[in-house]
Structure formats: C-alpha cells, structure tokens
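The values are calculated or read from the model by the stated rules, or taken from the named source; none is laboratory data. All figures in this text were calculated on a predicted structure; none of them were measured in a lab. FYI the Cβ positions are ideal-geometry reconstructions off the backbone, even for glycines, and counts take in every protein chain you see. Ligands, DNA and RNA are stripped out before the accessible areas are found, and what is left, the full protein with its side chains, is counted by its heavy atoms. Shrake-Rupley method; radii C 1.70, N 1.55, O 1.52, S 1.80 Å.
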Amino acid sequence: MATEKTFYLETFGCQMNAHDSEKVIGTLRRQGYRQVESEEEAGLILYNTCSIRDKAEQKVFHRLNDYKRLFKAGKRFGVLGCVAQQEGEKIFERAPHVSLVSGSASYRKLPEMLSRLEAGEHRITGLDDRQTDETFETEFTARQNPYRGYITIIEGCDKFCSYCVVPFTRGKERSRTSTSVLAEARRIGDLGYTEIQLLGQNVNSYRDPEGKRSFAELLAAVGEVPGIRRVRFTTSHPRDFTRDIVEAIDQVPTLCDHVHLPVQSGSARVLRMMAREYTPEWYLERIAWIKSARRTISLTTDIIVGFPGETEEDFIRTMDLLAEVQYDGVFAFKYSARPNTPALVMIDSIPDAEKAKRLQVLLERQREIQRINYSKQIGEVFEVMVEGQNLARGQIAGRSSQNKPVNFTCAQPIAPAPGSYLQVRITGAHPNSLRGEAV
Ligand code: SAH
Ligand code: SF4
Ligand code: F3S
C-alpha cells in the first residue's frame, strides 16, 4: 500500500521567501503531498532559509541539528532558499541527513527534484546561480495570507551592495512580463482579495521584458484591477526611485500611502563603502519628492549600524538623517559580515558592544520621532482594513493605508469581518500603533 506523502515547511526571512513558500506549497500539493503542522507528522521536512545576517543562517543549522534524530524514523530533509544557494553541497557535509538542497532560482525544477527524492535518490541539488534568466511562476500558489495577495514581479538583484548576500543567493535580476503580472493580479482580484503586494528585492528596478510598461505604469495598472482596493510594493531602491512613482500614487487612489525606501546610512563616506551609489543629498531629494505629494505618504527605512570603519561622526550623520526625514518606521540592524560579499575584505572593526550601543541609541531616538508622528494623527479619520480582533480587550485590529496598525472599538453588535474596510477616527497613539473608534 502506498503511504501518504506529507510535508512540513517552515519559512525564515523576508516576504519574498514567504511568498516563495506559498508557491512551493502549491507545487507540493500538486505533486500529491499534504501539508502537516509538525515535523513529527511529516515525511518530508523543508526549511526555506534566510542568510541575510549570520544569526539568521545559524538558526537554520540549529534547527537541522535539533531534528537530526527524526532522520532515523525515515524522514527526508530539504533545505531551500538563500542558505541553500549560498552553502550548496556543503550542507550535505554539515548535515548528512539532508537529501535536497535548492536555491530559489531552481524552484521551477521542484517537481522533477521531488520525483527523484521519492525514487530514493540522495543529495539532490538545484543550484542555478547567476546564469539563470528564468523566473518561477505557477498557477498553483497556495496563498496563506487571507487578505493580501503577493505577486513577485522581479527576482534577484544586480546591485551588489558591499555587505549583502542577496545578489549571490537569488541570482541576477530578471523581471516578469507586465502581461503575466496583470493576469495574476486579476486572478487575485477574482479570488476575492482586495490587497496586492508587489514583491522584488529591488522592486522598482523592474523592467518589462515586453517593453510595455515602466514600474510606475505597472503599479498604476495593478491599482486599476477590478476589486483591488490597496496596492503595496517592497522593496524600493533609492537608485531606481523615479518621480513618476510618486505621481502614480497621487493619481491612483488604490496605491497605498506608504513608501519603504532603505537608506542604510546617513554618511556619504559609509554609503560609498557600502557601494549604494548615492549620497545623502541624492537620497533626500527622493524623500522631498515623496513629501511633496498631494497626499501624505508614510516613509519607512532600513539602516545598518557598525559597518566596517563607521566612526562616531558617521553615526551622527545617520542620526541627523533620521531627524530630518522623520520616518514612521525604521528597521535597524547591526552589521554582520557575510560570505562572498565584497565587504568581507574590510575589517569588521566595530566591536559588538559598540554596534549594540549605536543600535540602541538609534532605536530610542526613532521611538521618540514615532511617538510624535503617530500622535499627530489623533483626530483624523482613516480607512482601516480589518485583520482580526482581540476578544479579551474588545478591540478590532486592522491597518491603515499607511501600513500603521490600528486597534479600535466598534459599536456594531457583530464584529466586522476580517478583510472588511471601516472608517476609524484616531483617538490615541503609541510609538508603533494607533487607537481609535469606528465611525
Ligand atoms: N533589497 C533591499 C533590502 C534587502 S535585505 C534593499 O536594498 O533595500 C533587508 C535589509 O537587511 C537591508 O536593507 C539591510 O538594512 C539589511 N542587511 C542586509 N545585509 C546585511 C548585513 N550584512 N548586515 C546587517 N544588515 C544587513
Ligand atoms: Fe542587497 Fe543591495 Fe540588492 Fe538590496 S539592493 S538586495 S541591499 S545588494
Ligand atoms: Fe533572507 Fe534571502 Fe530574503 S537572505 S532576507 S530570505 S532574499
């Protein structure tokens, strides 16, 4: 008797990885697999991994070690994603119970790799590197988020910032045709989703292989898909941030009031060493475009502290930039030296304690900025999409177009359904969320 094919999949890392997992789950189901909730129940255990910082990578190896004992019970293990691509066959040496190692640029070959796995083959690899021009598209995406439909519009990255593994783990930049992106957007709309998030490590570096639409035009076209009320996009690179993106946001109401524009540092010297290819002035010009839009567009960013050679003076420049831009959110990280990256030759000169101190100083300052920014919204009315409810506190949880969490009360006897939209008056603010009441 044939035994049932089951799999467990755990995802680490960014939204690109989360969405890749939706596609991988769809592909596995198509091959007759059933998803289960624990490693214990599963015949095939998959980790979709992240390598952006050393800690993220170590997590994966800890996890593989923890579950080594399950191997004896006849389970198969697979490592997918960025650590898989980065470490390749070395993973088989470090974790001999692993049978499959595949980077994201090889997922289109998953059906074939799974068949080989089922035939009992060991040490199967999918390690297409920067040579590949192919993208991974499937109509069998198993969407896990009930409200937000993700669409990858561009894969890979050609920027080679000196600290970053992504160009090595995800391969070279390749865009999907705008025709296929729009077809997927319409399918998502037909399924009842009202929010779409366009994804790419460098989403605004999008280049339509058919030459039909620029990124801003594609954004606007997705915003006009029937049923779609909100469109988001991550992550934009300042180098590719053009003014027509702001114009599109101004013209198409469904495009959300939010731009995530990673700056990494406020010091021209550090930006040069990072190979970001812009100066603080150049970056601030893009910020000025965004701030001059007719609607108020919320700004968030990513920052790295303690890059090799970052002086106290450089760090102060970053703090100055925070004060100038007044972001609504900052993801800040301590620099982590990564394999293959050009920054490896620079000495990781800042002691961890100093990195930690800078990180803390920065986050405390940012918390103050957000406390003020968020409290400025008290009294305003926003459209909020309901995401869930906190029964204990009698509150509904949702999100504004600016991507801010809003917790609110609602006088209706029946709580509004997740995915519905309500107008909410803001009555209170915290540094990371708003409070309000439905009007
Ligand atoms: N493609 C996006 C971000 C990709 S990774 C961009 O270019 O903005 C997400 C964030 O992780 C980066 O913005 C950066 O702040 C951080 N990051 C990347 N490599 C890192 C490293 N080696 N050490 C610490 N943080 C890093
Ligand atoms: Fe990494 Fe830079 Fe590419 Fe972003 S743009 S993924 S930070 S190399
Ligand atoms: Fe991590 Fe790869 Fe995303 S390194 S952040 S999972 S692109």
Restricting to segment 45-55, give me the number of residues that are near ligand 1 (Cβ under 10 Å from one of its atoms) and open to solvent by less than 60 Å² (accessible area, probe 1.4 Å).
3
Could we say that residue 232 is within 28 Å of residue 399 (Cβ to Cβ), open to solvent by less than 40 Å² (accessible area, probe 1.4 Å) and modelled with pLDDT of 95 or more here?
yes
If you go through segment 262-293 one residue at a time, how many are surrounded by fewer than 21 Cβ atoms within 10 Å (Cβ to Cβ) and under 21 Å from the mean Cα position of the chain (by Cα)?
1
Restricted to segment 184-204, and to residues that are within 16 Å of ligand 1 (Cβ to nearest atom) and in a loop (DSSP other than H, G, I, E, B), which residue is surrounded by the most Cβ atoms within 10 Å (Cβ to Cβ)?
200
Tell me which residues, restricted to segment 137-169, are under 16 Å from the mean Cα position of the chain (by Cα), more than 8 Å from ligand 2 (Cβ to nearest atom) and not aromatic (Phe, Trp, Tyr).
143, 144, 145, 148, 149, 151, 152, 153, 154, 155, 156, 169
With respect to residue 130, is the statement that it is open to solvent by 10 Å² or more (accessible area, probe 1.4 Å), within 16 Å of ligand 2 (Cβ to nearest atom) and under 30 Å from residue 303 (Cα atoms) true?
yes
Any idea which of 99, 115 is of a type in the set (Gly, Ala, Ser) and within 21 Å of residue 26 (Cβ to Cβ)?
115
Just to be sure before I move on: is residue 26 open to solvent by 30 Å² or more (accessible area, probe 1.4 Å) and at pLDDT 95 or above in the structure I sent?
no
Quick check: anything in segment 205-215 on the phi < 0 side of the Ramachandran plot, within 16 Å of ligand 3 (Cβ to nearest atom) and not assigned by TED's automatic domain parsing to the domain that holds residue 13?
yes
Yes or no: residue 58 within 16 Å of ligand 2 (Cβ to nearest atom), over 21 Å from residue 75 (Cβ atoms) and either more than 23 Å from the chain's Cα centre (by Cα) or open to solvent by 40 Å² or more (accessible area, probe 1.4 Å) (or both)?
no
How many residues are farther than 19 Å from residue 259 by Cβ and without any contact (Cβ under 8 Å) to a residue 40 or more places away in the chain when one looks only at segment 208-239?
8
Might you check whether a residue that is within 16 Å of ligand 3 (Cβ to nearest atom), part of a loop (DSSP other than H, G, I, E, B) and open to solvent by 80 Å² or more (accessible area, probe 1.4 Å) occurs anywhere in segment 338-347?
yes
Residues within segment 137-183 that are more than 16 Å from ligand 1 (Cβ to nearest atom), open to solvent by less than 20 Å² (accessible area, probe 1.4 Å) and assigned to a loop (DSSP other than H, G, I, E, B), tallied
2
Touching a His at 6+ places or on another chain (Cβ under 6 Å) and within 30 Å of residue 341 (Cα to Cα), is that true of residue 150?
yes
